[in-house]
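Asker: I'd like to ask you about the structure that follows.
The values are calculated or read from the model by the stated rules, or taken from the named source; none is laboratory data. All values reported here derive from a predicted model rather than from experimental measurement. Counting neighbours? That spans all protein chains shown, and the Cβs are built from the backbone with ideal geometry, glycine included.
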Amino acid sequence: MRLLRRHYGPLKLVLVGAAFMIVLFILHRDVGAGDRQEDPWLKNIVDRKDQVIDMMMGAVNNIRDSMPKLQIRAPVQQEEPAQNSKSCLPGYYTPAELKPLMDRPPQDPNSPGAEGKAFQKAQWTPQETKEKERGYEKHCFNAFASDQISLQRALGPDSRPPECIDQKFKRCPPLPTTSVIIVFHNEAWSTLLRTVYSVLHSSPGILLKEIILVDDASIDDYLKEPLDLYVKQLQIVKVVRQRERKGLITARLLGASVASGEVLTFLDAHCECFHGWLEPLLSRIAEEPTAVVSPDITTIDLNTFEFSKPIQYGKQHSRGNFDWSLTFGWEAIPPHEKQRRKDETYPVKTPAFAGGLFAISRSYFEHIGSYDDQMEIWGGENVEMSFRVWQCGGQLEIIPCSVVGHVFRSKSPHTFPKGTQVISKNQVRLAEVWMDNYKEIFYRRNQQASQIAREKTYGDILDRLRLKDRLHCKNFTWYLQTIYPEIFIPDLTPTFYGAIRNEGAKHCLDVGENNHGGKPLIMYPCHGMGGNQYFEYTSQRDLRHNIGKQLCLRSSFGPVELGDCHYVRKDSRVPENEEWELTQDHLIKNTASNLCLSARGEHPSMVSCSPSDSYQLWHFS
């Protein structure tokens, strides 16, 4: 029968057909001669006549079916196979189809934190006060308050803009399925489980493939067997574990390796999802598979666990950015981005993203290089992915109709097994791969990173450079000019930079704690680590402290203060009170007032210039 599957030409088909007719003729002639002497062999043929005919017919049919159709006219264009393996129906998904996987239990509107309200308690017993303090110490948020709030609390009515509430989602292309990946390390029980239930109660059952909890070597007993037993009842929730603490990056890669959804959705372990959060993310990825999309992240108060709900009108959107210390931040979206967006369903293009909460096509995640697996613990991975996605042909977007709450802590409760220098190492890896010569701007602001770069102790980056080459990624100049033209680019080679040491005080000029402008400068022992003691004397003749914001020294009749720099682009100018001259005899002189900077007194101030006064003599180091 194997031979019958071969393709036969038209001539062979004719010959087989002729042979078939001859056999039939012989059978009918011989079998029909009744007066002929019976022959045992012939009798056997007669008995098997029908079987022989069936066999011959089957052979001919096999040959006919296996050969190409004989085409007399022009060849028929063969249909291309469907691009999507799923059936693609017209129209839009119905609310019934997008019903959440799990219904919430009945809610008591007067229960603690109900409908996203703040937890409030008028009287505290000594024991409760101790529990609250322990929660702050361990988790850096009010774990006591979280524990009083239902794990399955509702967040009240849908308060998103009307176009978000009314948004419909096309069946073609179909919305992809997703695996939600949540990494945790010694997380509070209530915040972790509330995150899980929030996903279950707000995600359509046809789209939510699974929830994967990745334990980054937690040591708390309640996060071991008790958690495993608890999530078994939730069916689509599973726990995978790292035996030793390797950090967020490695844990997320582990989660991605066992995920089966078409989209990977990453959440932190202290989140709550608002109405309709998932569909807008998946819809955008279905529309544009190279889009890496984040929800509009709102605040869950770390003290009261009040959920900051979206508003229907007048929302002022923010986008992600970075400063030249490679720290992520937020800023208002620029006018051109406001004009591009027609309504609230339009995504917000963002130069960088926070990296804690986002969704990405699983195939694109692998194509674009997932994470740099040589980065350790966490820190810098979000900026690295921001640069990589944009430079290699993708796009970063915030989806305003997708709202997820997050507990923002003022500090991390977790330690770094190898110390905080792992953050600098991670940042050096991203700078060496993606920033070209602009990496020097970063190194001037981070002495630890500069040392790691000089000593080349940041590990092997050859695979990442090969990835950059294979994907034909653009350079960092393109990124700055095309994706983030609003950023101020400091001098690649400033006239002077570093710490400014005073000869008389033997201390360095310092901006002080939390000085974002408007506060006087101080003198502080020189530490050589940059940070609050980093300044640049630029080609525009201003003195800048520009690690985060662009802050400039301003001459005044009182203590010298920092303020927002006025020179922010080529068509702007430096005002007189921000213009300085560094004289050959080491004075820092304001040209307009003809006064010089002095370290004498509680705060640096302007005095009459005197090269013989050691408190007016400054040296960059």
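Asker: How do the pairs read when you match residues in segment 114-126 that are not assigned by TED's automatic domain parsing to the domain that holds residue 299 with residues anywhere that are assigned to a helix (DSSP H, G or I) and of a type in the set (Lys, Arg), using Cβ under 8 Å and keeping only pairs 6 or more apart or on different chains?
Answerer: 124/132
Asker: Restricting to segment 345-370, give me the number of residues that are part of a loop (DSSP other than H, G, I, E, B) and closer than 27 Å to residue 333 by Cα. Let's see the steps before the verdict.
Answerer: Of segment 345-370, the ones part of a loop (DSSP other than H, G, I, E, B) are 345-347, 350-351, 353-357, 368-370.
Next, only the ones that are closer than 27 Å to residue 333 by Cα stay: 345-347, 350-351, 353-357, 368.
Counting residues in segment 345-370 that are part of a loop (DSSP other than H, G, I, E, B) and closer than 27 Å to residue 333 by Cα gives 11.
Asker: Since residue 170 meets every condition but one in (1) over 28 Å from residue 315 (Cα atoms); (2) surrounded by fewer than 19 Cβ atoms within 10 Å (Cβ to Cβ), which condition does it not meet?
Answerer: That leaves (1) as the condition not met.
Asker: Report, by residue number, each residue of segment 199-220 that is assigned to a helix (DSSP H, G or I) and within 20 Å of residue 184 (Cα to Cα). Quick ask: steps written out before the conclusion?
Answerer: Here is the first cut: in segment 199-220, the ones assigned to a helix (DSSP H, G or I) are 199-202.
Selection gives 199, 200.
Asker: Check 214, 240 and return the single one that is in contact with a helix residue (DSSP H, G or I) (Cβ under 8 Å, 6 or more places away or on another chain), free of Cβ contacts under 8 Å to residues at least 40 places away in the same chain and not charged (D, E, K, R). Write out each step before concluding.
Answerer: Working: 214 fails: free of Cβ contacts under 8 Å to residues at least 40 places away in the same chain.
One residue alone meets the criteria, 240.
Asker: Next question. Can you tell me which residue among 360, 300, 311, 377 is β-branched (Val, Ile, Thr) and within 22 Å of residue 175 (Cβ to Cβ)? Break it down stepwise before answering.
Answerer: Working: 300 fails: within 22 Å of residue 175 (Cβ to Cβ); 311 fails: within 22 Å of residue 175 (Cβ to Cβ); 377 fails: within 22 Å of residue 175 (Cβ to Cβ).
Matching residue, one of 360, 300, 311, 377: 360.
Asker: Next question. Which one of 217, 259, 269, 188 is buried (at least 20 other Cβ atoms within 10 Å of the Cβ), farther than 30 Å from residue 310 by Cα and not basic (Lys, Arg)? Spell out the reasoning first.
Answerer: Values: 217 fails: buried (at least 20 other Cβ atoms within 10 Å of the Cβ); 269 fails: farther than 30 Å from residue 310 by Cα; 188 fails: farther than 30 Å from residue 310 by Cα.
That would be 259, the only listed residue that is buried (at least 20 other Cβ atoms within 10 Å of the Cβ), farther than 30 Å from residue 310 by Cα and not basic (Lys, Arg).
Asker: Within segment 390-412, is even one residue more than 16 Å from the chain's Cα centre (by Cα) and hydroxyl-bearing (Ser, Thr, Tyr)? Give the derivation first.
Answerer: Applying the first criterion (more than 16 Å from the chain's Cα centre (by Cα)) to segment 390-412 yields 401, 407-412.
If we keep only those that are hydroxyl-bearing (Ser, Thr, Tyr) too, we end up with 410, 412.
Within segment 390-412, one or more residues are more than 16 Å from the chain's Cα centre (by Cα) and hydroxyl-bearing (Ser, Thr, Tyr).
Asker: Just to be sure before I move on: is residue 160 at pLDDT 95 or above, within 27 Å of residue 217 (Cα to Cα) and among the basic types (Lys, Arg) in the structure I sent? Before the answer, list the steps.
Answerer: On the way: at pLDDT 95 or above: yes; within 27 Å of residue 217 (Cα to Cα): no; among the basic types (Lys, Arg): yes.
So residue 160 does not fit the description; no.
Asker: Moving to a separate point now. Among the residues of segment 536-558, which ones are under 16 Å from residue 500 (Cβ atoms) and touching a Gly at 6+ places or on another chain (Cβ under 8 Å)? Step through it out loud before you land on a result.
Answerer: Taking segment 536-558 as the starting set, the residues that turn out to be under 16 Å from residue 500 (Cβ atoms) are 536-538, 541-547, 551-555.
Passing the criteria: 547, 551, 552, 554.
Asker: Which residues, counting only those in segment 388-399, are part of a strand (DSSP E or B) and either aliphatic (A, V, I, L, M) or outside the structural domain of residue 377 (by TED's automatic domain parsing) (or both)? Write out each step before concluding.
Answerer: Our first condition is that a residue be part of a strand (DSSP E or B); within segment 388-399, this holds for 395-399.
Once the filter is applied, which keeps residues that are part of a strand (DSSP E or B) and either aliphatic (A, V, I, L, M) or outside the structural domain of residue 377 (by TED's automatic domain parsing) (or both), segment 388-399 yields 396, 398, 399.
Asker: Output the qualifying pairs, or none if there are none: Cβ atoms under 9 angstrom, residues six or more apart or on different chains, first residue in segment 351-363 and closer than 21 Å to residue 326 by Cβ, second residue surrounded by fewer than 23 Cβ atoms within 10 Å (Cβ to Cβ) and small (Gly, Ala, Ser).
Answerer: As it stands, the answer is 351/320; 352/320; 352/329; 353/320; 354/320; 355/320, since those pairs meet every condition given.
Asker: A further question follows. Among the residues of segment 296-334, write down those that are touching a residue at least 60 places away in the same chain (Cβ under 8 Å), among the aromatic types (Phe, Trp, Tyr), under 18 Å from residue 386 (Cβ atoms) and touching a Ser or Thr at 6+ places or on another chain (Cβ under 8 Å).
Answerer: Answer for segment 296-334, where residues must be touching a residue at least 60 places away in the same chain (Cβ under 8 Å), among the aromatic types (Phe, Trp, Tyr), under 18 Å from residue 386 (Cβ atoms) and touching a Ser or Thr at 6+ places or on another chain (Cβ under 8 Å): just 322.
Asker: For segment 244-256, state whether one or more residues are without any contact (Cβ under 8 Å) to a residue 40 or more places away in the chain, surrounded by fewer than 24 Cβ atoms within 10 Å (Cβ to Cβ) and under 22 Å from residue 376 (Cα atoms). Spell out how you get there, then give the answer.
Answerer: Keep residues of segment 244-256 that are without any contact (Cβ under 8 Å) to a residue 40 or more places away in the chain, which gives 244.
Filter once more, so that each one left must be surrounded by fewer than 24 Cβ atoms within 10 Å (Cβ to Cβ): 244.
Among the residues that remain, those that are also under 22 Å from residue 376 (Cα atoms) are: 244.
Scanning segment 244-256, I find at least one residue that is without any contact (Cβ under 8 Å) to a residue 40 or more places away in the chain, surrounded by fewer than 24 Cβ atoms within 10 Å (Cβ to Cβ) and under 22 Å from residue 376 (Cα atoms), so the answer is yes.
Asker: Which of (1) outside any loop (DSSP other than H, G, I, E, B); (2) at pLDDT below 95; (3) not charged (D, E, K, R) does residue 172 not meet, given it meets every other one?
Answerer: Answer for residue 172: the failing condition is (1).
Asker: Give the residue that is surrounded by the fewest Cβ atoms within 10 Å (Cβ to Cβ), with candidates limited to residues of segment 222-243 that are aliphatic (A, V, I, L, M) and in a loop (DSSP other than H, G, I, E, B).
Answerer: Keep residues of segment 222-243 that are aliphatic (A, V, I, L, M), which gives 223, 227, 229, 231, 234, 236-237, 239-240.
When the remaining residues are screened for being in a loop (DSSP other than H, G, I, E, B), the result is 234, 236.
Values: 234: 15, 236: 17.
Per the stated criteria, the residue is 234.
Asker: Just give me the residues in segment 549-573 being touching a Cys at 6+ places or on another chain (Cβ under 8 Å) and among the aliphatic types (A, V, I, L, M), in sequence order.
Answerer: Selection gives 551, 562.
Asker: Among the residues of segment 450-470, is there at least one that is touching a Ser or Thr at 6+ places or on another chain (Cβ under 8 Å), surrounded by 13 or more Cβ atoms within 10 Å (Cβ to Cβ) and not hydroxyl-bearing (Ser, Thr, Tyr)?
Answerer: So in segment 450-470, the residues touching a Ser or Thr at 6+ places or on another chain (Cβ under 8 Å) come out as 452.
If we keep only those that are surrounded by 13 or more Cβ atoms within 10 Å (Cβ to Cβ) as well, we get 452.
Subset that is not hydroxyl-bearing (Ser, Thr, Tyr): 452.
The answer is yes, given that some residue of segment 450-470 is touching a Ser or Thr at 6+ places or on another chain (Cβ under 8 Å), surrounded by 13 or more Cβ atoms within 10 Å (Cβ to Cβ) and not hydroxyl-bearing (Ser, Thr, Tyr).
Asker: Within segment 287-323, which residues are of a type in the set (Gly, Ala, Ser) and buried (at least 20 other Cβ atoms within 10 Å of the Cβ)? It would help to see each step written out before you state the result.
Answerer: So in segment 287-323, the residues of a type in the set (Gly, Ala, Ser) come out as 291, 294, 308, 314, 318, 320.
Matches in segment 287-323: 291, 294, 320.
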